[in-house]
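A short worksheet on the structure shown next.
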Amino acid sequence: MAITVGCGTAAVITACSDKWDDHYEGVASGANMNQGSLWEAIKGNSELSNFASVVEATGYDRSLKGSQVFTVFAPTNASFSETEAQSMIALYQQEKANSVREEDNTVVKEFVKNHISLYNYSVAEGRTDTLTTMNGKHHALDHAQFSGIDLASSNALYSNGVLFTLNKVVPYYANVFEYLKKDDDLKNMSEFFYNSRHYRLEFDAERSVPDSIRDGETVYSDSVMVQENTLFDYDALDAELNSEDSTYWMVTPTNEVWDALVEKYTPYFNYDKAIEKDLTKGDVDSLTYTNIRMAIMKGTVFSRTLNTDKMLADSAMSTNAVEYEMREYKWGADTLAYYQYQKPMQGIMAGTTNVQCSNGQVMKTSNWKFEPQQTFMHDIIVEAESPKAIKELVKKTVKKDTIETVLATTVKVDSDNPYYNKISGHSFVEFTQLVDGGNTQHEVIFWIPEVMSNVPYDIYVRTATGLAGDTAAVDIDRAPIKLLFELGYRGKDGKAKKETFYTPVETQKDSVDMLLVKAGHKFDVCSYGVTESDPQATLKVSTYVTDAEVNAGAYQRTMRIDCIILKPREE
């Protein structure tokens, strides 16, 4: 397939031409030089007639008789029959007639390009090289073998490269990403990975074969397209599944399992149509489609660099896991270890059907052992001191004036304080009353991010004691407090709803308390993966203490909030 790419200014055109000279010009003539081009050598060798017929049928004879330099590893007729060659030619023509792109044509990609490499290579005893064929696959080459296959002949030098002959056809191994599309058992999952929302092809000039410069533009006789996929990105799978320079294991659900999981997880991702205005790209349907399926696949890919055989005997850390010291930053607590699995060989990887790929292996399973609370169904921890935690400090109207009634101050817990390891993040927020008299209460509204719909959450508020900020705190700062809560959220119609809990909840003196706001609350709509300008889920915390109770020293009105915690439960 020819493609034309502009070089730009005259200076750049010269640079492009120099690059061709460096990489593609013919080998200088010498005593070992044979007459003619690579194609003439292949066409003239009766032992390579079957290989030649496939090369010619696919149009690659034009490249092999041009000025660019190649190394060809041609299987002889003894290992590649005429019947096999004709079968390949028929497949090539069938796919071409069905408008399969040249770069995706099975015969071109898996046979022709698997036996040809750009540039010229030679072998010598005692040396092993790794070279890349035109389809991007890596192969070992030494004086006796290419990709583990015995060389029948070697180092035959021609005007535009080097010819080797082989005793066997070089087998093609798909990489992990390519294999997903090859296996009918994985068809439904593959459709997600190859969906145009995420998948695209980009032209790779470095691996393409230039033909000439016409009117200041480079014309390529063979163009290489590189697969790009947003699902490989850091905030998705964080794994280049098509990279031949990496090694991955990927656990994959078969079609029946995939369909069952999509159906099971769909209710968790009901987005409010009103969030469309907050999205920077895409739409609600796209967000729903992607997040349901990413909920299945996140945590299923394992880099073999990090997961050695010795490590896998104990635990497996997927590409979505984070190191211990990062868990508090990422998840809200260093005790949380999402996307990491104990004894994987007896658990998530047990009973899989493993398929060897060029950059690892695909591990198919019809017995899915990944639990939502191990992966995407996270605890939601809102640290009160976080810059994005407080939506609003509620103001009061006093004599027609709207005034602030509370001051929010972040308090650090000293490392020698007995409460140091009892307070999340070693800090909390102290909400101090500014207005006296009139039985004035004060309120603060926290925003709750990334909730899922139809998931039962146990909602807690964790409070701190005055001793956590000051070990010499006076009695009134150590006194308990009574609090009321109001949960705000949106309904399926996008309208605001609220649930007020009228029974006050009381803390204990000198205690770090986990106060249950509500058990098993289900949100109607989801905000997972969305940055909202107007958060759909909020929690209002209010004092409920009389002046008489304060004056008696029985209770205080200073709220000390450590964090809001939502713990999901799978039904």
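The values are calculated or read from the model by the stated rules, or taken from the named source; none is laboratory data. Every value quoted in this text rests on a predicted model; they were computed, and no experiment measured them. Methodologically, a virtual Cβ is constructed for each residue, glycine included, from the backbone with ideal geometry; neighbour enumeration extends over all protein chains shown. For the accessible areas, the whole protein counts, side chains as well, though only heavy atoms, and no ligand, DNA or RNA atoms are used. Shrake-Rupley method; radii C 1.70, N 1.55, O 1.52, S 1.80 Å.
Among residues of segment 411-440 being at pLDDT below 90 and part of a loop (DSSP other than H, G, I, E, B), the one that is most open to solvent (accessible area, probe 1.4 Å) is Asp436. For segment 462-472, the condition holds for at least one residue, the condition being that it is buried (at least 17 other Cβ atoms within 10 Å of the Cβ), of a type in the set (D, E, K, R), under 36 Å from the mean Cα position of the chain (by Cα) and closer than 25 Å to Ser427 by Cα. Close contacts from segment 376-387, counting a first residue that is over 25 Å from Met294 (Cβ atoms) and a second that is β-branched (Val, Ile, Thr) and surrounded by fewer than 21 Cβ atoms within 10 Å (Cβ to Cβ), with Cβ to Cβ under 7 Å and a gap of 6+ residues or different chains, come to Glu385/Thr410. Being open to solvent by 30 Å² or more (accessible area, probe 1.4 Å), modelled with pLDDT under 95 and farther than 20 Å from Met317 by Cβ narrows it down to one residue among Glu276, Glu256, Glu263; which is it? Sole residue among the options that is open to solvent by 30 Å² or more (accessible area, probe 1.4 Å), modelled with pLDDT under 95 and farther than 20 Å from Met317 by Cβ: Glu276.
Open to solvent by 20 Å² or more (accessible area, probe 1.4 Å), without any contact (Cβ under 8 Å) to a residue 24 or more places away in the chain and out of contact with any His (no Cβ under 9 Å at 6 or more places or on another chain): does that describe Thr335? So Thr335 fits the description; yes.
Scanning segment 441-461 for residues that are in a strand (DSSP E or B), under 30 Å from Ala295 (Cβ atoms) and open to solvent by 10 Å² or more (accessible area, probe 1.4 Å) yields Ile445, Trp447, Asp458, Tyr460.
Residues that are modelled with pLDDT of 90 or more and touching a strand residue (DSSP E or B) at 6+ places or on another chain (Cβ under 9 Å) number at least 3 in the following helices (runs of 4 or more DSSP H) confined to segment 10-70: 38-43, 49-57, 61-64. Does any residue of segment 93-115 turn out to be part of a strand (DSSP E or B), of a type outside the set (Val, Ile, Thr), touching a Phe, Trp or Tyr at 6+ places or on another chain (Cβ under 9 Å) and closer than 19 Å to Leu38 by Cα? Checked segment 93-115: no residue is part of a strand (DSSP E or B), of a type outside the set (Val, Ile, Thr), touching a Phe, Trp or Tyr at 6+ places or on another chain (Cβ under 9 Å) and closer than 19 Å to Leu38 by Cα. If you go through segment 473-496 and keep only what is open to solvent by 40 Å² or more (accessible area, probe 1.4 Å), more than 28 Å from Val413 (Cβ to Cβ) and either among the basic types (Lys, Arg) or touching a Gly at 6+ places or on another chain (Cβ under 6 Å) (or both), you end up with Lys492, Lys495.
Figure legend. Inter-residue proximity from segment 422-434: first residues more than 17 Å from Ser511 (Cβ to Cβ), second residues in a helix (DSSP H, G or I), beta-carbon distance below 8 Å, spacing 6+ or different chains. Indicated pairs: Gly425/Glu328; His426/Tyr420.
Could you tell me whether any residue of segment 306-313 is under 25 Å from Ser358 (Cβ atoms), modelled with pLDDT of 95 or more and of a type in the set (Lys, Arg)? No, every residue in segment 306-313 fails to be under 25 Å from Ser358 (Cβ atoms), modelled with pLDDT of 95 or more and of a type in the set (Lys, Arg).
Please specify each residue of segment 497-516 satisfying the condition of being open to solvent by 30 Å² or more (accessible area, probe 1.4 Å) and either closer than 14 Å to Leu539 by Cβ or touching a helix residue (DSSP H, G or I) at 6+ places or on another chain (Cβ under 7 Å) (or both). Listed by number, the residues that qualify are Lys497, Lys498, Glu499, Thr500, Phe501, Val505, Lys509, Asp510, Val512, Leu516. Tyr341 meets each of the listed conditions (1) surrounded by fewer than 18 Cβ atoms within 10 Å (Cβ to Cβ); (2) under 29 Å from Lys522 (Cα atoms) apart from (1).
Filter segment 150-189 for residues that are free of Cβ contacts under 8 Å to residues at least 24 places away in the same chain and assigned to a strand (DSSP E or B); which is nearest to Val257 (Cα to Cα)? This residue is Asp150.
Which residues, counting only those in segment 101-137, are closer than 21 Å to Glu202 by Cβ and open to solvent by 80 Å² or more (accessible area, probe 1.4 Å)? Across segment 101-137, the qualifying residue is only Arg101.
One line per residue, one yes/no per condition, for (1) of a type in the set (Ser, Thr, Tyr); (2) open to solvent by less than 70 Å² (accessible area, probe 1.4 Å); (3) touching a residue at least 40 places away in the same chain (Cβ under 8 Å); (4) more than 20 Å from Pro210 (Cα to Cα):
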| position | (1), (2), (3), (4) |
| --- | --- |
| Phe73 | no, yes, yes, yes |
| Ala85 | no, yes, no, yes |
| Gln94 | no, no, no, yes |
| Ser99 | yes, no, no, yes |
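Being surrounded by 16 or more Cβ atoms within 10 Å (Cβ to Cβ), among the polar types (S, T, N, Q) and touching a strand residue (DSSP E or B) at 6+ places or on another chain (Cβ under 7 Å) is a property that holds for Ser147.
For first residues located in segment 350-366 and without any contact (Cβ under 8 Å) to a residue 60 or more places away in the chain, partners that are part of a strand (DSSP E or B) and lie 6+ apart or on another chain with Cβ distances below 7 Å form the pairs Gly351/Thr365; Thr353/Lys364; Asn354/Gln361; Asn354/Met363. None of Thr543, Thr507 is within 18 Å of Phe431 (Cβ to Cβ), of a type in the set (Ser, Thr, Tyr) and either at pLDDT below 95 or in contact with a His (Cβ under 6 Å, 6 or more places away or on another chain) (or both) except Thr543.
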